[in-house]
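A.B. asks: Let me begin by handing over the structure; questions about it come next.
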Amino acid sequence: MNYLSITLCSFMAKSQFRSRCERIQIGKSLRDQIPRESHGIWQPPVDRRNPIDILEESNLDRLSELVPIRYGRMLRSPFTFLRGSASLMAYDFSTLPNIGVEVQACGDCHLLNFGLFATPERNLVFDLNDFDETHPAPWEWDLKRLVVSFVIAGRDNDFADEDNREVVHHCVKSYREHLREYSNMNPLEVWYSRLDMDRIIEESPDAKAKKAKEELAEKARKRINENIFPKITTMVGGQHRFVEQPPVLFHPAQEDFDTIAQEALEEYRQSLSDERLVLFDRYQLQDTAIKVVGIGSVGTRCLVSLFFSEDNHPLILQIKEARKSVLEPYTQKSIYENQGERVVMGQRLMQSSSDIFLGWFRGRSGCDYYVRQLRDMKISIPLDGYTLEQMKNYAFYCGLTLARAHAKSGDSATISGYLGKGTKFDRAMGNFAISYANQVEEDYNLLVKAVKTNKLQAMIEDDL
């Protein structure tokens, strides 16, 4: 079957002035071409590529000495494997049916890439918070990766698959119903909408849940530069320096590293708007080091830079290499020459509010990078030990958040018309999430075998 495939830009150009009712009807008509039940099927193609080959391919141009750390982190569980294998899932999803409506997709939309962070106004919000793979793509891909992650995480919490299926239904229902709400709003209302932590706390089902959320919010508010830098820096020769913690935090032996870092930050300055440039120039660089972060990002060039104002107020910026999105081979080439700019613009388009220091540059070696604050109240929700009701509640907010992000860039009315008001699509996604979660576990076992037979090298970190 040849499925529809149109780019986000061309779609918006052709259809943005159709009425909502017209687009709802277009969405309904697409059910004849792509039945909603078809989304519930996962059957690996007979010519499916070896998952290990895809993982190895994704290591090209990474720092080879750090790749074993990546594999070591992926080995911890099927869920950490999922986190590090966005390229594999993108390959698989490209073979699945989609209705041809693209949005600005996250590209790595699993449940731990949602969380809390501070807006420029210092409000605490819940939103998507990782955009390394953002790219225009079918809306289905984000939602499918999200629901599969709920099943894998649920299994980690010893949930039965019928319970996991219920969690998926909550997530998809929330996405479907909120997307219809957004399709009724004017574009400015969608753009201004956000999910404040205060609202999440207020909607707590009981006093115990409310207290837990209040404690999490307080913990997030303490994750700011002033509280972070004393834990990872020390004084050397009268200057603050990052503490050596090889292989996850270290200063490279390259003699001109500090000069290169200074040049790079000068390039970064050019991406900032004038008023933010004034703010940035109130700080002076003191140190830069390599910092290994996450799972999927391990092996890419990631750094942290430490700045201080004249009165010794700290600022820590994270500098991350931006490579081509894992979605690009299955969609279209990015319109941005600089991959760092792709990440920044995708983040601004999907989030309700973004870091004021977001920027990008191209390094001396030709690698692209984007820049943001290291944390700034950023925190993921700790899901270990979550009860079924807690997981369903979290799935509700993730579905809501993804719906808003997709509504900002895509045609929410057409998607909503396709999804409908009933639960047919929800049930299909429950079936898919269970089936594909089984595939994730099979692929994880292939990685375990490859390491055991020394086909791949993995480094297990004792402190994780």
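A.B. asks: How much length is gained on full extension from residue 47 to residue 19, taking 0.36 nm per residue of separation minus their Cα-Cα distance?
C.D. replies: Length gained between residue 47 and residue 19: 5.8 nm.
A.B. asks: Just how far, in whole angstrom, is the range 133-182 from the range 390-464 if you go by their alpha carbon centroids?
C.D. replies: So the separation of the two Cα centres works out to 6 Å.
A.B. asks: Follow-up question, since we're still on this one. What is the sum of charges around residue 135, taking Lys and Arg as +1, Asp and Glu as -1, for the other residues whose C-beta is under 12 Å from the C-beta of residue 135?
C.D. replies: -2
A.B. asks: A further question on this structure: Strictly over 23 Å apart at the Cα level, which of 173/392; 378/421; 28/421; 144/424; 144/222; 28/173 would you flag in this model?
C.D. replies: Checking Cα-Cα distances, 378/421; 144/222 exceed 23 Å.
A.B. asks: Moving to a separate point now. Taking a ≥ b ≥ c as the square roots of the Cα gyration tensor eigenvalues, with a/c under 1.5 meaning rounded and otherwise prolate when a/b beats b/c, else oblate, which class fits the range 225-373?
C.D. replies: It comes out prolate by the Cα gyration axes.
A.B. asks: Same structure again: Where the Cα atoms of the chain are projected onto their three principal axes, how long is each span, largest first, in whole Å?
C.D. replies: The Cα atoms of the chain stretch 70, 54, 49 Å along their principal axes.
A.B. asks: Residue by residue through the range 61-71, what is 3J(HN,Hα) from phi via Karplus (6.51 cos²θ - 1.76 cosθ + 1.60, θ = phi - 60°)? Round to whole Hz and write x for glycine and proline.
C.D. replies: 6, 7, 6, 4, 6, 9, 4, x, 5, 4, 5
A.B. asks: Separate question: For the range 148-165, in order, what is each residue's ³J(HN,Hα) by Karplus, 6.51 cos²θ - 1.76 cosθ + 1.60 with θ = phi - 60°, in whole Hz (x at glycine and Pro)?
C.D. replies: Here the 3J(HN,Hα) series is 5, 5, 5, 5, 5, 5, x, 5, 4, 8, 6, 6, 6, 5, 5, 5, 4, 4 Hz.
A.B. asks: Using the number of other C-beta atoms within 10 angstrom as an exposure proxy, rank 406, 169, 313 with the fewest first.
C.D. replies: In order of increasing Cβ crowding within 10 Å: 313, 169, 406.
A.B. asks: Calculate, in nm to one decimal, what residue 193 and residue 29 gain on full extension: separation in residues at 0.36 nm each, minus their alpha carbon distance.
C.D. replies: Stretched fully, the residue 193-residue 29 segment lengthens by 56.1 nm.
A.B. asks: Report the local net charge at residue 80: Lys and Arg +1, Asp and Glu -1, summed over other residues whose C-beta lies under 14 Å from its C-beta.
C.D. replies: Surrounding charge for residue 80 is -1.
A.B. asks: Among rounded, prolate and oblate, which fits the range 123-262 when a ≥ b ≥ c are the square roots of the eigenvalues of its C-alpha gyration tensor, a/c under 1.5 means rounded, and a/b larger than b/c means prolate?
C.D. replies: Prolate, since a/c reaches 1.5 and a/b exceeds b/c.
A.B. asks: Tell me, in nm to one decimal, what length is gained between residue 56 and residue 282 on full extension, where the rule is 0.36 nm per residue of separation less the Cα-Cα distance?
C.D. replies: That pair, residue 56 and residue 282, stretches by 77.1 nm at full extension.
A.B. asks: To continue, here is another question. Can you pull a Stokes-Einstein diffusion coefficient for the range 371-464 at 10 °C (1.306 mPa s), Rh from Kirkwood over Cα pairs, as a whole number of µm²/s? Can you show the working numbers first?
C.D. replies: On the way: Rh = 17.9 Å.
Taking Rh from Cα pairs, D becomes 89 µm²/s.
A.B. asks: Could you derive backbone 3J(HN,Hα) for the range 361-367 from the dihedral phi with the Karplus parameters 6.51, -1.76 and 1.60 (θ = phi - 60°), listing whole Hz in sequence and x where the residue is Gly or Pro?
C.D. replies: Whole-Hz 3J(HN,Hα) from phi for the range 361-367: 6, 10, x, 4, 7, x, 6.
A.B. asks: If you don't mind, another one. What is the sum of charges, Lys and Arg at +1 and Asp and Glu at -1, for the other residues whose Cβ falls under 13 Å from the Cβ of residue 440?
C.D. replies: Within the 13 Å Cβ shell, the charges total -1.
A.B. asks: Here's a follow-up. Work out the FRET efficiency for residue 389 and residue 438 from their Cβ-Cβ distance, taking R0 = 22 Å, and round it to the nearest 0.05.
C.D. replies: 0.30
A.B. asks: At what distance in nm do the modelled label points of residue 269 and residue 250 sit from each other, each positioned 7 Å from its Cα along Cα→Cβ?
C.D. replies: Going from the residue 269 label point to the residue 250 one covers 3.2 nm.
A.B. asks: Can I ask one more? Between the alpha-carbon centers of the range 231-297 and the range 306-381, tell me the distance in whole angstrom.
C.D. replies: About 14 Å separates the Cα centre of the range 231-297 from the one of the range 306-381.
A.B. asks: Another question about this same structure. With the cut-off at 1.5 for a/c, could you classify the range 26-133 from its C-alpha gyration tensor as rounded, prolate or oblate?
C.D. replies: Here the range 26-133 falls in the oblate category.
All of the numbers you see were taken from the coordinates with simple rules; none came from a lab. Treat the numbers as computed from the prediction; the structure is a model and nothing was measured. All Cβ positions, even for glycine, are placed from backbone atoms using ideal geometry, and neighbour counts span all protein chains on display.
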